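We did not get these values from a lab; they are worked out from the coordinates using the rules stated. Please read all numbers here as calculations on a predicted model, not as lab measurements. We place every Cβ from the backbone using ideal geometry, glycine too, and count neighbours over all the protein chains shown.
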Amino acid sequence: MASAQVIKRAKYKTTVKDPGTAGVLKMAWDRFIFTPNHPNSASNLDVEFRFIKGHKNTKEGSNKPPWLNLTNDQGGSYIFEFESYPDLHTCRDFVGKSIGRSGETPTAASGKTDASLPDEQISTAELELRIKLLRENSELQKLHKQLVIGGILTEAEFWATRKKLLDRESSRKSKQRVGFKSAMISDIKPATDGRTNKVTFSLTPEVILQIFAEKPAVHAAFLKYVPNKMTEKDFWTKYFKAEYLHSTRNAVAAAAEAAEDEELAIFLRNDDILAKEARQKIRRVDPTVNMEADQGDDYMHLPDHGLFRDGGKDIIESQYELYRRTLAHDLNRHAAVVLEGRTVEVELEDTRTVAEALAKLKRVESANEDSDGTANQGILERIARITEIEDLQASHGPPLAPLCIKDPRDYFDSQQVIAVKAPAAEGKKCNLSSREAYGSLRDSISQTKQMGLLNPVVKTKDALQVFNALSHDISRTKYDVGKNPQDSVLDKLPSTTKEQLLHHWTSIQELLRHFWSSYPITSSYLYAKVNRLKDAMSQIYPQLEVCSLLIS
Amino acid sequence: MKFEIEDVTVYFPYDNIYPEQYSYMVELKRALDARGHCLLEMPTGTGKTIALLSLITSYVLSKPQSPLKLVYCTRTVHEMEKTLAELKKLHDYQVKHLGPAARILAVGLSSRKNLCVNPRVLSAENRDSVDAGCRKLTASWVRALAERNPGVPTCEFFEDYERAGSGAVLPPGVYTLQDLRAFGKQKGWCPYYLARHMVQLANVIVYSYQYLLDPKVAGIISKEMQRECVVVFDEAHNIDNVCIEALSVCVRRQTLEGATRNLHRMEQEIDRFKATDESRLRAEYQRLVEGLALRGDLRVNDTWLANPALPDDILKEAVPGNIRRADFFLRVLRRFVQYLKGRLETENVEKESPVAFVASVTNQAGIDQKTLKFCYDRLHSLMMTLEITDTDEFLHIQTICDFATLVGTYARGFSIIIEPFDERMPDVQDPVLQLSCHDASLAIKPVFDRFQTVVITSGTLSPIDLYPRLLNFNPVVSRSFTMSLTRDCICPMVLTRGSDQLPVSTKFDMRSDLGVVRNYGRLLLEMVSVVPDGIVCFFVSYSYMDEIVNSWNESGILKEIMQHKLVFIETQDVVETTLALDNYRRACDCGRGAVFFSVARGKVAEGIDFDRHYGRLVIMFGIPFQYTLSKILLARLEYLRDTFQIKEGDFLTFDALRQAAQCVGRVIRSKADYGMMIFADKRYSRHDKRSKLPGWILSHLRDAHLNLSTDMAVYIAREFLRKMAQPYDKAGSGGKKTLLSQEDIEKMGDSSLNDMLY
């Protein structure tokens, strides 16, 4: 693991009230050690993370000092008070990782021992994902244990059939992305030490990312100059010098400085890349707001035509236009970037990687845009929708989201319960005479006869969709068999036997799947695999027989 | 729905109709029957455009014996797109009900910049270079050259269009600019020339004002329109300003320098021609002697901007003798430029009438009025003869000739103002010679004369009796409609005091007061935390907006605002503003909500709708008065007072308030929509200012909302939004129906409808 240990100054407290012992907290990947400053203090600690069950910490911004509370499996706790919140956060993250890891270790280790296929090289991230999946799903874990650790299948073979699971898992992980902050980056105020004329800016990777996203010229310059031509520090020094010049709103001074320093000029000049992007974007803008088209059509305002110094018009300064950047421009750019909300999916650590990831993302985006031919159609539809006067017309019906049943089993079961319950409940309350009931039934039948079933209750298309969604997983009869009490044989069995049976069922299914997928046997590797599978299956049969003996 | 208005069956593409739309149609039909002009004010958000389009197209459909053409003028291209989208819907409906008989051809027309599909031409930066780029490929002499020499590039789209000849027509349908481009690409025909050709045949033409009002453009596009046209000016509250601008020219130092360069180059060209091809120059001279109309024999692809004055005045006379020869004409121009240079070097502001100016030109430069008048056409002819295609390089000399022609043509309604610097920036020397038109009726007169019905309509035409005076015409129908509302879906408020109870205003002595700036900031901050979705703020000018936003940025108010909503700003850069608007809409669409800072009299205020969730609140910071010390404005006010007996103060207030009303009026799209308007200036509470607002805003401005402070306004906003979130009966409850179905209309005659409305 990358950062194998963390060392921070902290105070150890046995209880909340305890003033605490000052010392050094050292966290390694499997344990943490607390050494008090005072050598003869009794509170020396050396605890392994696998005994730690949970951790809590005080929130930044609350009045409490930065405390980290680690609870062990005996219910006791270790409280550490840190000097600052950043310290706390580093330690907390580290503890979080370590606890997670120590829980995984056994499975991970066993998994690794069997990863025998020579060409298998998996990243740690993927390994972690697999471990996580196994931990979340006990059934899978059991299967994994039996087949992989039992040596019937290799790790790769086992996961090869579950690629989808892995993919979905990773996509879910990236679902919640953090966007940019609404606050402007120009809001980072420099810190002064009060004595000298020096100012200090503190940059975090997030701020850098935001600067790169909002100012493509800076981004391009960074990729070009760092680290070949100047160091990263020099680069940012220059950048902030330029920013300072902007903030003085002295276009003349900016122009003068830019004339002297070529690199500085990049930051001071208007952003060419932005201008180019703008030209591209303007082509796909909604025509009902496109004012650029107006300008193109406006022969009334030829240069030098119309009223120049009219009372209704503003005065425009055109001097030093190149070095004038307005707040308005910054605001618009910032809001556009926030709205786009694109983020790069790398750990925000190294500026260089951030810059490169962003560049890659942009390339992908521009490629997407080029191939996007349907955009115009979408715009036209939108205009048609917007131009409609909504209340002069019956509504088109609210735009419906497509039916998406997360877990068809739950849905199906709950529907069934409702369906079963409903008639029963009605039966109790209903005190219609049979005559009336018959009458209404006859009415409705004759009505149907007259009108015919012209408009079906549900549209066929929708019905088909629901049907497909529901029947998608219907082949997994195991659960239906297991859940419906009336006609399940399994329920009559003792629960342990039932579980055992179900387990055998899944494993034999898995084995069969691998078995058939190995055909045709074209290599010795496959031959060996098939043999292994055959043996494993033949072993299950006697076990089943044992089961049946036990029941009878 | 389908219903009868007297003898016309109206096809209306919706299931219901607002009563005011119905009465609007009735009035419009009267004007059409009377073949006269009309002036109609109807609040925004009541579906003016669709009512108008429905009635006129239906009118044409039910009277096939008298084919009428509809010329629909919008102020901007995006309004054009919206109108065409509505027309598309209407057309689909009519075709569905009437079959192919209802098919019409409707085209939108714009400049080359917006219609060109040739990637080589389109890559040019601005409009003028696109125009020039097109001419370089399509001018007749270039094409003649290309026939002999295949190495000369031409435009394949134009060539294909020419080759198709009379077969190149658009099939019936409604064509937006995008559709035209797509059609052109598919057929390989030039959409621009195709559209210009189809203008003669189309039933409905949608284009911007200038194609009728600005003689420079109108001379080419609209000259062959027959009398049987209905001309509609939509959103016409600013039409007087458009007319005035169309006939105004200004000359600056850069112009004169550029013109000198142009003259130099033309001289070189003439020398070159003299050496190689003198017969051409002689032919031109001969043509001018014979007094041939200049544009008559020109091919469509050779024309460029036409005479800036009204063409009819000029075409009847022949070009005077002293400028028939090319080098003589250049000498005259050079003397004129020299004279103007001398006039620009002045220390004081000078104001002159055209007559005095022409007299002084005659005395000092020896150019008489008639020569001046023909400058533009003579230049035009010369540039054709010299085969100049890069017309974008020659804009300066064109400006000078524009100026000369206008000054030589009009003796009244204009003045010439020479200012050494702008009073707002006295230390920057930038002398300007401005020919400014004061009389809006001059530019629009030929339109009224030529076409049978001209409809002037907008959401804000108050006071409605002023417009006929400004434009000098007699409407047969002049009517202002109020809005019947199902619920109080608009909530205007006048905010006079800030959160500290001190008055707020953009009055000159108060506007940069920090307290006022802070109070405005607090107001916006409170509102962004209360109002969902989009908020639009209008400031009185760019400079004031810059100042106030910078000040908010420094005091941290802006940061707090940004915690609630994203901020977008209109800038003077059109591309940036467009992108900002597009992003603003997306921010509103995705639910994040946003604030848009804009400027009254700016491009956004002119024509962008902030309906539905795009604008739940509009704040008008201050009253958008014009800069009253402007010499041009003063000259115009003087003219208005002398000719129309309109008082200066009245006109200024009228002008400011129509801008304010225009800004806030853009929040409502339909009766189902809702929005608030805050007029944040203490002066709005005064009766003389307030009463100039259009009636439909005034009728919702309650007395209790006339003198609010920030906290009260926030409370009212909360209550209003809560009320608007409740379900309601769309058809209107009680005695008043605000939504009519087909049966409703069939049941009641016109009389009862009118009773209901008024």
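Rg to Rh ratio, segment A:6-103, alpha-carbon atoms and Kirkwood radius? Provide the component values of the computation, followed by the final result.
Working: Rg = 12.4 Å, Rh = 13.3 Å.
Reported Rg/Rh, Kirkwood definition of Rh: 0.93.
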Residue pairs, from the table A:K276/A:K360; B:K559/B:K723; A:K97/A:K233; A:K11/A:K59; A:K238/B:K565, whose Cα atoms sit over 21 Å apart: B:K559/B:K723; A:K97/A:K233; A:K238/B:K565
Alpha-carbon centroid distance for the pair segment B:49-114 / segment B:428-467, whole angstrom: 25
Cα long-axis angle, helix B:574-589 against chain B (0 to 90 degrees, to the nearest 10): 30
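Taking each pair of distinct Cα atoms in chain B once, what is the resulting Kirkwood hydrodynamic radius in Å?
Details: mean 1/r = 0.0354 Å⁻¹.
Result for chain B stands at 28.3 Å.
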Segment A:489-551 pair-distance distribution - Cα-Cα, 10 Å bins, rounded %: 21, 42, 23, 12, 2
Charge dipole magnitude, Cβ of K and R +1, D and E -1 - segment B:490-725, Cα centre, debye nearest 20: 620
Chain B - charge dipole about Cα centre, Lys and Arg +1 at Cβ, Asp and Glu -1, debye rounded to 20: 640
Prolate/oblate/rounded label for segment B:490-725 (Cα gyration tensor, a/c 1.5): rounded
Radius, Kirkwood style, for segment B:59-209 when every pair of distinct Cα atoms is counted (Å): 16.6
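Rounded, prolate or oblate, given the Cα gyration tensor of segment B:411-565, with a/c below 1.5 counting as rounded? Please report the intermediate quantities before stating the final value.
Details: a/c = 2.97, a/b = 1.36, b/c = 2.18.
Oblate is the answer for segment B:411-565, as a/c is 1.5 or above yet b/c matches or exceeds a/b.
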Burial ordering of B:R261, A:R333, fewest other beta-carbon atoms within 10 Å first: B:R261, A:R333
Among B:C375, B:N149, B:L701 - extreme Cα towards positive end, dipole of chain B, charges at beta-carbon: B:N149
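Please give the charge dipole size of segment B:113-230, origin at the Cα centre, charges +1 on K and R Cβ atoms and -1 on D and E Cβ atoms. Round to the nearest 20 debye. Walk me through the intermediate numbers first.
Values: 15 positive and 12 negative charges, 25 e Å.
Roughly 120 debye for segment B:113-230.
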Between 0 and 90°, nearest 10: helix B:48-62 axis offset from chain B longest Cα axis: 70
Crossing angle, helix B:395-409 versus chain B [Cα axis fit, 0-90 degrees, rounded to tens]: 90
